[in-house]
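Structure, as structure tokens:
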Amino acid sequence: MIGYLEGTVLHRMEHGVVLLTSGGVGYQVYLPLPLLAEQFGSEAPLRLFTVTVVRDNELSLYGFATAEGKSLFEMLLKASGVGPKLALAVMSAFGPEELRQAIVRQDAVLLTTIPGVGKKTASRLCIELADRLGSVEPAPPDGRGGAGDLISALTNLGFPEKDVVPVVRNMSGEDVSFEDRLKMALGALARN
């Protein structure tokens, strides 16, 4: 198994890169979209923690900037019905900590915003992985709902989910009450 690679980007692809190592070997590595975007135009050496996935007719490498990202990807692969492509899509949608919190808090609504993840898969991820991922602090009692609650509220008001999700993701760092976040999201959606 190949667990770590370091080299320069020889070629960029739609879902990854060809990484040229100092030994002159080029490895095709699939990357989460945020890491791939980060590498666009960069000439700096790339250091990746990798997961090797062996299938009947394919040997694939999936790379991550941190060991935490790698272990979370491996944990996603252990969930039933989740293959490497879906796990990579999940890792592309959220950062490791945000994903961990969504799973532990059983926020299936937020997980369904990921392309390829339906209600059943989101519920299965929450059920199968919540115990393995540990615990997070419970939501504060001041009425601050999670991103999933905000998405649900806005779609129940009639806004299309494809418009709602980007607005909510841009608000993820806001430390205000649920009602204020809802007002801000409504304002942003009205401008669109």
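The values are calculated or read from the model by the stated rules, or taken from the named source; none is laboratory data. Just so it is clear, the structure is predicted and the values come from calculations on it, not from any experiment. With ideal geometry, Cβ positions are generated from the backbone for all residues, glycine too; neighbour counts draw on all protein chains shown.
See the values below:
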{"item": "Helices (runs of 4 or more DSSP H) wholly inside segment 29-93 containing at least 1 residues that are assigned by TED's automatic domain parsing to the domain that holds residue 123", "result": "67-78, 84-93"}
{"item": "Selection count, segment 94-110, where residues are surrounded by 18 or more Cβ atoms within 10 Å (Cβ to Cβ) and without any contact (Cβ under 8 Å) to a residue 24 or more places away in the chain", "result": "1"}
{"item": "Any chance residue 145 is in a loop (DSSP other than H, G, I, E, B), at pLDDT below 90 and surrounded by 14 or more Cβ atoms within 10 Å (Cβ to Cβ)", "result": "yes"}
{"item": "In segment 13-28, the residues that are of a type in the set (A, V, I, L, M, F, W, C) and either touching a strand residue (DSSP E or B) at 6+ places or on another chain (Cβ under 6 Å) or part of a strand (DSSP E or B) (or both)", "result": "17, 18, 19, 20"}
{"item": "Residues (surrounded by 15 or more Cβ atoms within 10 Å (Cβ to Cβ) and within 14 Å of the chain's Cα centre (by Cα)) located in segment 35-76", "result": "35, 36, 62, 63, 64, 65, 69, 70, 72, 73, 75, 76"}
{"item": "Given (1) of a type outside the set (A, V, I, L, M); (2) surrounded by fewer than 19 Cβ atoms within 10 Å (Cβ to Cβ); (3) more than 19 Å from the chain's Cα centre (by Cα), number of the condition residue 15 does not satisfy", "result": "(3)"}
{"item": "Flag if residue 115 is farther than 20 Å from residue 127 by Cα, within 13 Å of the chain's Cα centre (by Cα) and surrounded by fewer than 18 Cβ atoms within 10 Å (Cβ to Cβ)", "result": "no"}
{"item": "Odd one out for residue 106, checked against (1) under 27 Å from residue 72 (Cα atoms); (2) more than 16 Å from the chain's Cα centre (by Cα); (3) at pLDDT 85 or above", "result": "(2)"}
{"item": "Long-range neighbours under 6 Å by Cβ, at least six apart or interchain, first residue at pLDDT 90 or above within segment 59-76, second small (Gly, Ala, Ser) and surrounded by 18 or more Cβ atoms within 10 Å (Cβ to Cβ)", "result": "73/87; 76/87"}
